[in-house]
Protein chains: 2
Amino acid sequence: MFDQFEAQAPLDKESFERQSLALRQQLLEIQFSLENTRHPVIIVLAGLDGAGKGVLVHRLNEWMDPRGIETNTYWEHSDEEESRPYLWRFWRQLPQRGRIGIFLGSWYTQVTQQRVDGTIDDQAVEAFCRRITEFERQLSDDGAIVIKLWLHISQETQRRQLEEKAPRRQQNPRVTDHPYELVGKYQQAMATSKVVIRNTQTFQCPWHIIDGEDRNYREIKAGEIIRDTVIRRIENLEPPAPLEQLPEPQNALASVDLGKSLEKSAYKKQLRKYQAMLQDLAWEGYRQKRSLVAVFEGWDGAGKGSAIRRVTGAIDPRLYKLVQIAAPTDEELAQHYSWRFWRSLQRDGRATLFDRSWYGRVMVERVERFATEAEWSRAYREINEFERELTLHGSIVAKFWIHIDQDEQLTRFRAREQEPYKRHKITDEDWRNREKWPAYETAVNQMIAQTHSEHAPWTLVAGNSKYFARIKILKTLCKAMEQALY
Amino acid sequence: MFDQFEAQAPLDKESFERQSLALRQQLLEIQFSLENTRHPVIIVLAGLDGAGKGVLVHRLNEWMDPRGIETNTYWEHSDEEESRPYLWRFWRQLPQRGRIGIFLGSWYTQVTQQRVDGTIDDQAVEAFCRRITEFERQLSDDGAIVIKLWLHISQETQRRQLEEKAPRRQQNPRVTDHPYELVGKYQQAMATSKVVIRNTQTFQCPWHIIDGEDRNYREIKAGEIIRDTVIRRIENLEPPAPLEQLPEPQNALASVDLGKSLEKSAYKKQLRKYQAMLQDLAWEGYRQKRSLVAVFEGWDGAGKGSAIRRVTGAIDPRLYKLVQIAAPTDEELAQHYSWRFWRSLQRDGRATLFDRSWYGRVMVERVERFATEAEWSRAYREINEFERELTLHGSIVAKFWIHIDQDEQLTRFRAREQEPYKRHKITDEDWRNREKWPAYETAVNQMIAQTHSEHAPWTLVAGNSKYFARIKILKTLCKAMEQALY
């Protein structure tokens, strides 16, 4: 990598001016050609302190139309960031389709810093890098053009740079100790960087190592790489992502015993019991700063809403947020489909309850063809990775599919049409979906087969008896939290 | 208020059931009739601890379609909230048009709490209440239906309630000490509440005081108030907001001496000087946790972009965010027009630079008739109140209008059409706007007359000489920050 790395001759002012004039024009053109495409551009600017990342940002803003560019820096973390899964802070800053996001300090910052500080070992670095490559793969699969630039400088150059900056540094002590700078520690920083770069060097999102010694050279070079990568991608010169090979799903739904039921009196007793238990567990979760992420899915009319109310009825309003998933807004459509779920995650110690969820991707979006096969078939992996990020952070994940049979659904639809205050719940769409029952059945079975994991298990709830279903859900939540908290 | 307050007879179960069935249906109907209107509904639930606010939330969610309701609670504040103007935390939680937001703990929480704790005096309470009424007036003017409910209970009732809750409280100690509960302090809490209610009792957003002794009664009552208020509003029975009376603007633009200019050599020297100064001031602002909010407006072709680049070129990328204001997204259109500016405010110690801003409301939106006269004419007051909130929080506000004359604009438009990498900057729209020069001139003059204040002053920048303009802006920013920081 850096070993077979060739130092470049500096670029004289005059040829810089000439090349920069042409490049500037080309960069502007590709910037405009990005508009109304599905491609956001994500530029990761990395390199040791003193490599000239900052000035490169200014140059790119000067060459291109700054209206389409956002620069994001990561050094101090707010408690809202610290109290959510690590990647949340980056998800919330991702550029929209057609826009350019420059990351000065990125998902590479912390892992590098911690390794240099010796707070983590090489194994941890590799594990972390796997998560980074998953993250980048997800973005790239969705259309993002991820460009990773490493500005390489020699040890003396760094020393010289730091000495020049020294006076300013005394004035602005903060500069010297923010998380992503590796001031002075050239050897350790380079050693770690090599490991990180090697472990995150993928075909889809490769690293570009640029000789950073000469400002003119590195700026032209960076501009050219950005230009060429974007052109290659928007002209679709890269091969289409292969479809995931999925095993035949077994019929999990068939295994649900819909005969189960519960007497009203027993229901009332257990409801009180488990709601009280859940209330205390919610507070214990708050004390331990562990958050709960619960997903509620099920057939239309399965009783999702009333079951969720029994859960929210138990938890202090300060400790939960109910997130209703409907049609995405345009800000959400301008991002990876996971973005809207990342954005609604609550802080540690709180519960986030999803009434419908990211599983819409592999159910309604699949059946209604809102998502292409490539999109929904890779979504299983994306979902598993998303939920692993949650559990790695310490969140407790519970997923419920409330199951009923077609007769029960029919009965409930009819009943709803009678009750004035329930009529709104039953629409033509519900009747249309009902006709697609078999298609949904296949989708649900595959979803369960693909996304049922130990850290984020599915609970299939027998829903023909609402009483039974509600208690089953409360009980399962209590058990999951108890296991995690005690 | 509470003195002439009449205690109500409790409501028996049977009549509750009957009334609730009808009410539920009516509430659902108004909830649906809200869809696709410009009206968000903001329900403030207040009252002493033990008054039954929590159970009322559950009831409302049961009566209405929870998909259209968000419940917000305020007790602990994140540092991201603490490090922004006080109202930011509420702005970011406001419901979209057509939706319902229930605030359990609200902008009334802190002021009441602090008064009871004795950390602020009555004068401070009154000042704070003025800001609250301004806030509510802004939301209401924009279509929000603000419903403020106070659940009133007697001292014994509170004592009884607290005793019942006592065992749970021991388990969940957090409950007893969160900011908005005034556990036990009945007398002081009531005294303060009276002052706060009296000071925020407006025609537009009145308080409704409900006897909270009997659960059945208070829930029916609350439901009825919500129903009636919403109906009155969406049927437009309330008189239209009167137009603001605006004084004739003096011609501020005429006073700008466009003859001013600067030599290239002098420019280069001063650029270095003031950029270095600004860099240090930005770090000093960071140290003192004071944030800078700078607004850049000006004629098309006035050189906003290049001037802004000289500012961003001086500030460490970690310390500023450049916010480009273009057409609003649908999430932004679903909110008060100020919402998008509130949402982009950076944290204390950072600079937020607005390339175009909230002043679009009284310029382009006025001239192009995107905003009604009622909307843009009340916007001056809203803007002054917004900027007042910023400065009250300690932010440094600087506003620039870069002025050029029509000939200079023409020259620059022509020049841009020649330069390949500038061509994108000049569009048909620019030519169209140019024809509306007089209309914009009136709007700009009025804007300056209405929104030039000591705490948030306008700087009119002579822009015919770009060199002069850039230095003028850098110098002004340095001066403003110096005065604030030293």
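The values are calculated or read from the model by the stated rules, or taken from the named source; none is laboratory data. This is a predicted model, so every value here is computed, not measured. Every residue, glycine among them, receives a Cβ derived from its backbone with ideal geometry; neighbour counts consider all protein chains shown. The accessibility values were calculated without ligands, DNA or RNA, using every heavy atom of the protein model including side chains. Shrake-Rupley method; radii C 1.70, N 1.55, O 1.52, S 1.80 Å.
Each row is one residue, and each column tells you yes or no for (1) in contact (Cβ under 8 Å) with a residue 60 or more places away in the chain; (2) under 37 Å from the mean Cα position of the chain (by Cα).
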{"position": "A:Asp12", "(1), (2)": "yes, no"}
{"position": "A:Gln25", "(1), (2)": "no, yes"}
{"position": "A:Glu29", "(1), (2)": "no, yes"}
{"position": "A:His39", "(1), (2)": "yes, yes"}
{"position": "A:Gly47", "(1), (2)": "yes, yes"}
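Table: residues versus (1) assigned to a helix (DSSP H, G or I); (2) without any contact (Cβ under 8 Å) to a residue 24 or more places away in the chain.
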| residue | (1), (2) |
| --- | --- |
| B:Arg218 | yes, no |
| B:Val230 | yes, no |
| B:Ala254 | yes, yes |
| B:Gln275 | yes, no |
| B:Ala282 | yes, no |
| B:Tyr286 | yes, no |
| B:Lys289 | no, no |
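Which one of A:Arg350, A:Arg356, A:Arg361, A:Arg381 is in contact with a helix residue (DSSP H, G or I) (Cβ under 6 Å, 6 or more places away or on another chain) and farther than 21 Å from A:Arg89 by Cα?
The conditions single out A:Arg361.
Tell me the helices (runs of 4 or more DSSP H) entirely within region A:357-469 that contain at least 2 residues that are open to solvent by less than 20 Å² (accessible area, probe 1.4 Å) and out of contact with any strand residue (DSSP E or B) (no Cβ under 7 Å at 6 or more places or on another chain). Lay out the reasoning, then the answer.
On the way: elements: A:364-367, A:373-393, A:406-418, A:428-435, A:437-451.
The qualifying helices (runs of 4 or more DSSP H) are A:373-393, A:406-418, A:437-451.
Inside region A:331-348, can you point out the residues that are away from chain B (no Cβ under 12 Å) and part of a loop (DSSP other than H, G, I, E, B)?
Within region A:331-348, A:His336, A:Tyr337, A:Ser338, A:Leu345 meet the criteria.
Quick grid of which residues meet (1) over 24 Å from B:Glu482 (Cα atoms); (2) surrounded by 22 or more Cβ atoms within 10 Å (Cβ to Cβ):
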{"site": "B:Asn251", "(1), (2)": "yes, no"}
{"site": "B:Leu258", "(1), (2)": "yes, no"}
{"site": "B:Glu263", "(1), (2)": "yes, no"}
{"site": "B:Tyr267", "(1), (2)": "no, no"}
{"site": "B:Arg272", "(1), (2)": "no, no"}
{"site": "B:Met277", "(1), (2)": "no, no"}
{"site": "B:Gly285", "(1), (2)": "no, yes"}
{"site": "B:Val295", "(1), (2)": "no, yes"}
{"site": "B:Ala327", "(1), (2)": "yes, no"}
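With respect to A:Glu35, determine if the residue is in contact (Cβ under 8 Å) with a residue 12 or more places away in the chain, in contact with an Asp or Glu (Cβ under 6 Å, 6 or more places away or on another chain), over 27 Å from A:Ile197 (Cβ atoms) and not hydroxyl-bearing (Ser, Thr, Tyr).
Values: in contact (Cβ under 8 Å) with a residue 12 or more places away in the chain: yes; in contact with an Asp or Glu (Cβ under 6 Å, 6 or more places away or on another chain): no; over 27 Å from A:Ile197 (Cβ atoms): yes; not hydroxyl-bearing (Ser, Thr, Tyr): yes.
Here the answer is no, as A:Glu35 does not meet what is asked.
Would you check which residues across region B:309-322 are facing chain A (nearest Cβ under 9 Å) and either surrounded by fewer than 18 Cβ atoms within 10 Å (Cβ to Cβ) or modelled with pLDDT of 95 or more (or both) and list them?
B:Arg309
Can we say A:Glu164 is in a helix (DSSP H, G or I) and either under 30 Å from B:Met277 (Cα atoms) or modelled with pLDDT of 95 or more (or both)?
So A:Glu164 fits the description; yes.
Got at least one residue in region A:411-422 being within 14 Å of chain B (Cβ to nearest Cβ) and closer than 30 Å to A:Ser344 by Cα? Write out each step before concluding.
Residues of region A:411-422 that are within 14 Å of chain B (Cβ to nearest Cβ), as a first pass: A:416, A:418-422.
Add one more test, that the residue is closer than 30 Å to A:Ser344 by Cα, and what stays is A:421-422.
Yes, region A:411-422 has at least one match.
Specify which of the listed residues (A:Arg97, A:Arg84, A:Arg115) is open to solvent by 40 Å² or more (accessible area, probe 1.4 Å), in a loop (DSSP other than H, G, I, E, B) and of a type in the set (D, E, K, R).
The unique qualifying residue is A:Arg97.
Being closer than 18 Å to A:Val364 by Cβ and in the same structural domain as A:Tyr359 (by TED's automatic domain parsing) narrows it down to one of A:Ala439, A:Ala415, so name that one.
Step by step, each of A:Ala439, A:Ala415 is checked, and only A:Ala439 is closer than 18 Å to A:Val364 by Cβ and in the same structural domain as A:Tyr359 (by TED's automatic domain parsing).
With the condition kept exactly as written, say whether any residue in region A:323-330 is within 10 Å of another protein chain (Cβ to nearest Cβ), farther than 26 Å from A:His424 by Cα and of a type in the set (Ser, Thr, Tyr).
No, region A:323-330 has no match at all.
Can you pull out every residue in region B:31-74 that is within 24 Å of B:Leu333 (Cβ to Cβ) and more than 12 Å from chain A (Cβ to nearest Cβ)?
B:Leu34, B:Asn36, B:Thr37, B:Arg38, B:His39, B:Pro40, B:Val41, B:Ile42, B:Ile43
Output the residues belonging to region A:340-351 that are under 16 Å from the mean Cα position of the chain (by Cα) and buried (at least 20 other Cβ atoms within 10 Å of the Cβ). Break it down stepwise before answering.
Residues of region A:340-351 under 16 Å from the mean Cα position of the chain (by Cα): A:340-347.
Those that are under 16 Å from the mean Cα position of the chain (by Cα) and buried (at least 20 other Cβ atoms within 10 Å of the Cβ): A:Phe341, A:Trp342, A:Leu345.
Quick check on B:Arg130: is it in the same structural domain as B:Ile197 (by TED's automatic domain parsing), open to solvent by 10 Å² or more (accessible area, probe 1.4 Å) and part of a helix (DSSP H, G or I)? Break it down stepwise before answering.
Values: in the same structural domain as B:Ile197 (by TED's automatic domain parsing): yes; open to solvent by 10 Å² or more (accessible area, probe 1.4 Å): yes; part of a helix (DSSP H, G or I): yes.
For B:Arg130, the condition - in the same structural domain as B:Ile197 (by TED's automatic domain parsing), open to solvent by 10 Å² or more (accessible area, probe 1.4 Å) and part of a helix (DSSP H, G or I) - is met.
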